[in-house]
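Since the structure comes first, as structure tokens, the remarks are kept for the end.
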Amino acid sequence: MVSGLINENPIVYERKERRDVRTDSSNTNELSVDTIDQLEVFDHIRDIKDPEHPYSLEQLKVLTEDSVEVDDSKSHVRVTFTPTVEHCSMATIIGLCVRVKLMRSLPSRYKIDIRVAPGTHATEAAVNKQLNDKERVAAALENPNLVEMVDECLSPSFE
Amino acid sequence: MAALNNLTEHLESFVDVTRSPSHHADSLKAIASSLEKGVLSINQLVVEMDMYLTTTDDVIRARGILLLAEMLNHLKEKPLDTAVVQSLAGFFTAKLAEWKSVRGALTGCLALIKRKDVAGLVTATDAEAMAKAMIKSVQVQSLALHDRKICFELLECLLEQYPEAMINMGNLIVYATCEAIDGEKDPPCLMIAFHIVELLTQLFPSPSSSPLAAEASDLFDIISCYFPLHYTHTKGDEASIPREELSRRLSLAISSTPFFEPYAIPLLLEKLSSSLTVAKVDSLRCLNDCVVKYGVNRMKKHYKDLWPALKDALYSFTETDLSFGLESLTSPGFEMGEIHREAVDLLQRLVKQDISFLGLVVDDPRVNMISDTISRYSQFEDMPDTSKLEILVVSQILCVSARASVESCNKIFETFFFRLMNTLGIVEKVSSGDLVHNENSTASIKLYHGGLHLCIELLTASKDLIPSSEESSSTPWCSIVNRFSVSLIEAFTSVVQSSYDECSADAYLGVKGLLAMGMLCGGSSPVSKSEFEKILKTLTSIITAQRAKTVKWELALKALICMGSFIDRYSEREKAMSYMGVVVENLVSLACSSHCSLPYPMILEATSEVCSTRPQYVEKMVQGFEEAFCSSFSDFYVNGNSKPIENCSQLLECVTNKLLPRVTEIDGLEKFLVHFAISMWNQIESSVVFSYDVSGREFVEAAMKTMRQIVGVALVDSQNSIIQKAYNVISSSTLPAMESIPLTFAALEGLHRDLSTRDELILSLFASVIIGASPKASLPDVKSLIKLFMVSFLKGYIPAAQALGSIVNKLGISSDCSLEEACDIIFHQSFASGNNISSDDTDKTICGSETLLSKICLGFYGSVDLQTRAITGLAWIGKGLLMRGDGRVNEIALVLMECLKSSNSSGNALHPSAMKHAADAFLILMSDSEVCLNRKFHAVIRPLYKQRFFSITVPILESLIVNSQTPLSRTMLHVALAHVISNVPVTVILDNTKKLLPMILEGLSALSVDAVDKETLFSLLLVLSGTLTDIKGQQSVSDNAHKIIECLVKLTSYRHLMVVRETAIQCLATLLELPHGRIYPFRREVLQAVTKALDDPKRRVREEAIKCRQAWTSITSRS
């Protein structure tokens, strides 16, 4: 078991500007529909805290706006995240956080795909399989320790 | 005796150290109050305390002495016997030697010294003895924090109050101060310590025979080690004294005496070269203080070292971009950092104090390099950052030096201005008289942006230094500028004119240059009248030549406004005349003629902005507007052109939006506006035909608005004259004929909107006049006016109904018609005078449902159209009465509610549209109107009128709702109730939550059926959300939780209004504050609804849904 942090000194990037929902022009028109788009999904997950550091996934560039693919008509969303280091054992936790957050934020009609960016992780296939296996995710969320950890990471994104 | 018994008790309690501090404070207070009341004298106290003051037990003795000292502290205002004070002073002085009771002794000494302006002061000898004893026996730095502070305070007071005694002590006091302060680290103590140093240096000002001269080095060493101040602990008590304040004190201490000069300046220069921002800023500030206090002679020898250090500080700023925006036209155009600002201050101070410092600046090689830097790049954007920095800093240095004094300004102009002109290729012209247009000379002009910037900054900086005309001798710099003024103006003009839209720098520099030249005002200004006019002409022509709003246009306009207000501020007669002649008249004449490439709204904007700089211009402008209005209006009705009527509307809008809000600022504006209003009436009077289309409709709206507001701001006398004029126009029209329309039901039935458009215009404007008039204005022939308005609102003219409401609201005793009579006419009398229209009923005694008007409302006679108009009219009349607190509004409310019943007195329900109008009438009654009956239009407003109406109508509406039979009537009653509830102040709702909540919830579900009521629904929902969060409503909210949640859940999918869904979800989240057990059962229901809302078409709703869902989920998972 490795003690200490996995990535001791991550590079911190700047946050991107946010969309101001209040002043959106579509607010005046009752009939217009704001489809769920890339930026909106990104807004849901950008503030998730890294399990190791007090920074958001956006600041660590684990997630970017382009890492989200949305198809509203087919109710499908795919998030591709990039762990900060190749052997990061936190990758599954991060993926689980993203999945839980999206499950709680998106309409139930959506199918959610989470995957590690190709070539950025040592055990890429295993991680991808684990994250997209419904039953393993459900089992993970039965574990009170894991749930507590996930909830802690998600708490800033609900503010 | 009882007092003395108590005394012993209190003494015991204070002396006992095992008791709590609050006990000690209580006994202190008790003894102090008996001393204050005179029950106990200080002598008696001392006698009583004898044992405590002399006992051999150190602890008790210390407490006893402290008690006595604290008592003296309380008695600072009370006169005491001199002998008592003397003996006490002796006592405390002696006790200073006992280290165990030193706290009490110090407190006592301080209390005695602090006595001011009362009988019983410490004598100078006693004070000196006290100081000596303190110096001898008290080791300040070995004491605790609080005691040290008292020591410093004591020393401070001694120095302040007994300066002679302290001077007598000579060296001793200086030594003692050094020793006391040395090593102190606590901010509150240091605050006092620095002040002590300042006081001390004031005691010994003379250079010879001063003990300070010898000790200056030591004393300075002790205080200089604090510079620059740095707090190591920012938490806790220390933070209570801000660093800024302490640093200010330290700076004052350092600069307090010239004796410090040999030590201070080198230290400060060294700290200035540090890389810490704080150190730099503090050093610059302190140097600024020192320069003032030490004097020119002592500072002179440091100039050589000071200048390079200062220059470095000036170059230290990082911002190198010059803004070419509109807002920086009157500011330097870049941000200054703290260091930079302080450095600039110091430079100005130095130059102001000693002109010889300027020699260093002028001879500096780096400053002299500027011409080369300038001539290297023509465009500002092309320059590398280093050159930009060079130019900005050098121009700043030169400007600040020039601004310092007239001499420095002369010197800067003599050395730099010629060189600058040379670089720019601007040639001097002999006089403005022989303007030889030498093509070669203009061609050789090389307009480098950097040079232009420097030139503009110099001109701007020197504008305050123009001598007034009394000092007849023209100053050298003025004559220099004078020689170049013609060419300079030409150069700037050519820069602006050559600029095109993409390059805002050209336009900016050109306009700013012209502005700088134009601002050189004053008695012996270097810019002559003709040159000034030329500047104005150029700027005006920029404004008039454009076709759309460009940067150049806005810059020129802003420059003109600046110059206008500048002229007004310095009351320059001649310049004002030129401004009037060139700018104002030109723009005003443009507003009058419609043949201009510039769009009309822009002409109006430019004119109104420029002219509001000075009352005279405003006068001119309003006259011009009047003329423009008249010519456009007559053009319209003669030729039937639609263009001029659009111009008219824009003109009126400009008057309403730009001029009217400033009526209190600009003297005499009210008079011009009233004149304007009257000439509007004149114009309408003389127009014979007036027919309009859509643009005409807009014109009528604009005219009504303007008229209303002008009357609203006018004085009563002016109002009277407008009313009189309007009345004359009315009388000469065909309108009075309407008064004689027989108001039989048959005749009313035949009414249509059959007025000619001209009459309609006159009627609407007249209604506006009445709406704006104050209660004090006198209305002619009120009775026939009321009849006129009655007929017209039944014909469907809403302004007439509003005017009628205003009349009944404001009718006073002074009028020829009392309120009684007015109401009589409205409610009882048949309108046609004398023409009795008694139809089937004869009973007209009460003003309730038996009157003609109410019969029309209730649909006994006439068409639905007539009925709805009557209902709306009745609502406005009711509003007028309600606001003045008249009881008749109750009957109107009853009539309106009668309209809403499912089966009224005639046995059948009203037409749905009439019911809708009746329900909306409650909105008219309760809401604040923008158009009439508000404070701006002098409405009579009784306090709490909304509450009164609320308490009258709500119970009735409630019972009607309970008894209503048809769904339509029920819905309409709910609409009416919602209008009443949502317009009453929220506190009223909170007081009645228990009763109202079921009604609100029922209303919400009734209103959610039809999309027409969505706005009403939303305002009702807002009322509900207000009750949820308030503590007063909590109980009833908790009781009704199931109903509230059910209702809100339904509203989360309300299709017609996004804000309703959003607010409903927010309310659901708020409900989580209720007790857990109360809401837990509903979680499934709520979560289901909110989860559905995650798929809402609107992003805002989805966002709220996510938050709400998370909040509700967490109550389930945590359990």
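Can you tell me which residue is nearest to the chain's Cα centre (by Cα) among those in the range B:486-505 that are more than 12 Å from B:LEU539 (Cβ to Cβ) and modelled with pLDDT of 80 or more?
Checked the range B:486-505; the qualifying residue nearest to the chain's Cα centre (by Cα) is B:VAL495.
Hey, does the range A:93-108 have a residue that's within 14 Å of the chain's Cα centre (by Cα), closer than 23 Å to A:SER75 by Cβ and not in a helix (DSSP H, G or I)?
yes
Any residue that is of a type in the set (A, V, I, L, M, F, W, C), at positive phi, out of contact with any Pro (no Cβ under 6 Å at 6 or more places or on another chain) and surrounded by 19 or more Cβ atoms within 10 Å (Cβ to Cβ) - is there at least one of those in the range B:912-919?
No; the residues of the range B:912-919 include none that is of a type in the set (A, V, I, L, M, F, W, C), at positive phi, out of contact with any Pro (no Cβ under 6 Å at 6 or more places or on another chain) and surrounded by 19 or more Cβ atoms within 10 Å (Cβ to Cβ).
Can you name every residue in the range B:363-383 that is surrounded by 14 or more Cβ atoms within 10 Å (Cβ to Cβ), of a type outside the set (Phe, Trp, Tyr) and over 29 Å from B:ALA279 (Cβ atoms)?
B:ASN368, B:ILE370, B:SER371, B:THR373, B:ILE374, B:SER375, B:SER378, B:MET383
Is there a residue in the range B:971-980 that is under 22 Å from B:SER774 (Cβ atoms), in contact with a helix residue (DSSP H, G or I) (Cβ under 6 Å, 6 or more places away or on another chain) and not aliphatic (A, V, I, L, M)?
The answer is no; no qualifying residue exists.
For the range A:27-41, enumerate the residues that are assigned to a helix (DSSP H, G or I), facing another protein chain (nearest Cβ under 9 Å) and over 25 Å from the mean Cα position of the chain (by Cα).
A:ASN27
Which residue pairs have Cβ atoms closer than 7 Å, lie 6 or more positions apart in sequence or on different chains, and pair a first residue in the range B:938-950 that is outside any helix (DSSP H, G or I) with a second residue that is among the aliphatic types (A, V, I, L, M) and at pLDDT 90 or above?
These pairs meet every condition: B:ALA939/B:MET883; B:VAL940/B:MET883; B:ILE941/B:MET883; B:ARG942/B:MET883.
Could you tell me which of the residues B:SER431, B:SER468, B:SER462 is at pLDDT below 80, hydroxyl-bearing (Ser, Thr, Tyr) and more than 44 Å from the chain's Cα centre (by Cα)?
Going through B:SER431, B:SER468, B:SER462 in turn, the sole match is B:SER431.
Show me the helices (runs of 4 or more DSSP H) entirely contained within the range B:990-1109 in which 1 or more residues are of a type outside the set (Gly, Ala, Ser), within 30 Å of A:LEU102 (Cβ to Cβ) and away from chain A (no Cβ under 12 Å).
Numbers: elements: B:993-1007, B:1014-1029, B:1034-1039, B:1041-1051, B:1058-1070, B:1076-1079, B:1083-1093.
Once the helices (runs of 4 or more DSSP H) in the range B:990-1109 are filtered for at least 1 residues that are of a type outside the set (Gly, Ala, Ser), within 30 Å of A:LEU102 (Cβ to Cβ) and away from chain A (no Cβ under 12 Å), what remains is B:1041-1051, B:1058-1070, B:1076-1079, B:1083-1093.
Regarding the range A:124-142, can at least one residue be identified that is within 14 Å of chain B (Cβ to nearest Cβ) and within 15 Å of the chain's Cα centre (by Cα)?
No, every residue in the range A:124-142 fails to be within 14 Å of chain B (Cβ to nearest Cβ) and within 15 Å of the chain's Cα centre (by Cα).
In the range A:143-159, how many residues are surrounded by fewer than 17 Cβ atoms within 10 Å (Cβ to Cβ) and either more than 14 Å from chain B (Cβ to nearest Cβ) or not charged (D, E, K, R) (or both)?
Residues that pass the stated criteria total 8.
Name the residue that is surrounded by the fewest Cβ atoms within 10 Å (Cβ to Cβ), counting only residues in the range B:1009-1023 that are touching a helix residue (DSSP H, G or I) at 6+ places or on another chain (Cβ under 6 Å) and at pLDDT 90 or above.
Of everything passing the filter in the range B:1009-1023, B:SER1019 is surrounded by the fewest Cβ atoms within 10 Å (Cβ to Cβ).
Suppose we keep only residues that are surrounded by fewer than 21 Cβ atoms within 10 Å (Cβ to Cβ) and within 14 Å of another protein chain (Cβ to nearest Cβ) within the range A:72-99. Which one would you say is nearest to A:LEU141 (Cα to Cα)?
Selected residue: A:SER75.
Are there any pairs with C-beta distances below 6 angstrom linking a residue in the range B:599-620 that is more than 20 Å from B:SER649 (Cα to Cα) to a residue that is in a helix (DSSP H, G or I) and of a type in the set (D, E, K, R), with the two at least 6 apart or on different chains, and if so which?
Matching pairs, first to second residue: B:THR613/B:ASP568; B:ARG614/B:ASP568.
Go through the residues of the range B:66-87 one by one and say whether even a single one is over 56 Å from the mean Cα position of the chain (by Cα), in a helix (DSSP H, G or I) and surrounded by 19 or more Cβ atoms within 10 Å (Cβ to Cβ).
The answer is no; no qualifying residue exists.
This table checks each residue for (1) surrounded by fewer than 20 Cβ atoms within 10 Å (Cβ to Cβ); (2) more than 29 Å from B:VAL962 (Cβ to Cβ).
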| position | (1), (2) |
| --- | --- |
| B:GLU1002 | yes, no |
| B:GLY1033 | no, no |
| B:LEU1048 | no, no |
| B:CYS1067 | no, no |
| B:LEU1071 | no, no |
| B:TYR1080 | yes, yes |
| B:VAL1101 | no, yes |
| B:ALA1105 | no, yes |
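Could you tell me which numbered condition B:ALA801 fails, if it satisfies all but one of (1) of a type outside the set (Asp, Glu); (2) touching a Phe, Trp or Tyr at 6+ places or on another chain (Cβ under 8 Å); (3) surrounded by fewer than 24 Cβ atoms within 10 Å (Cβ to Cβ); (4) in a helix (DSSP H, G or I)?
Result: B:ALA801 fails condition (3) only.
Checking the condition out of contact with any strand residue (DSSP E or B) (no Cβ under 8 Å at 6 or more places or on another chain), more than 11 Å from chain B (Cβ to nearest Cβ) and touching a residue at least 40 places away in the same chain (Cβ under 8 Å), which residue from A:HIS53, A:HIS44 passes?
Unique residue meeting the criteria: A:HIS53.
Please work out if B:LEU158 is assigned to a helix (DSSP H, G or I), surrounded by 18 or more Cβ atoms within 10 Å (Cβ to Cβ) and more than 46 Å from the chain's Cα centre (by Cα). Talk me through it step by step, then tell me what you get.
On the way: assigned to a helix (DSSP H, G or I): yes; surrounded by 18 or more Cβ atoms within 10 Å (Cβ to Cβ): yes; more than 46 Å from the chain's Cα centre (by Cα): yes.
Yes.
Quick check on B:ALA119: is it small (Gly, Ala, Ser) and part of a helix (DSSP H, G or I)?
Taking the combined requirement at face value, the residue does not satisfy it.
Considering only residues that are acidic (Asp, Glu) and not in a helix (DSSP H, G or I), which ones fall in the range B:913-934?
B:ASP928, B:GLU930
The values are calculated or read from the model by the stated rules, or taken from the named source; none is laboratory data. Just so you know, these numbers come straight off a predicted model, no measurement behind them. Note that we place each Cβ from the backbone using ideal geometry, even for glycine, and neighbour counts take in every protein chain shown.
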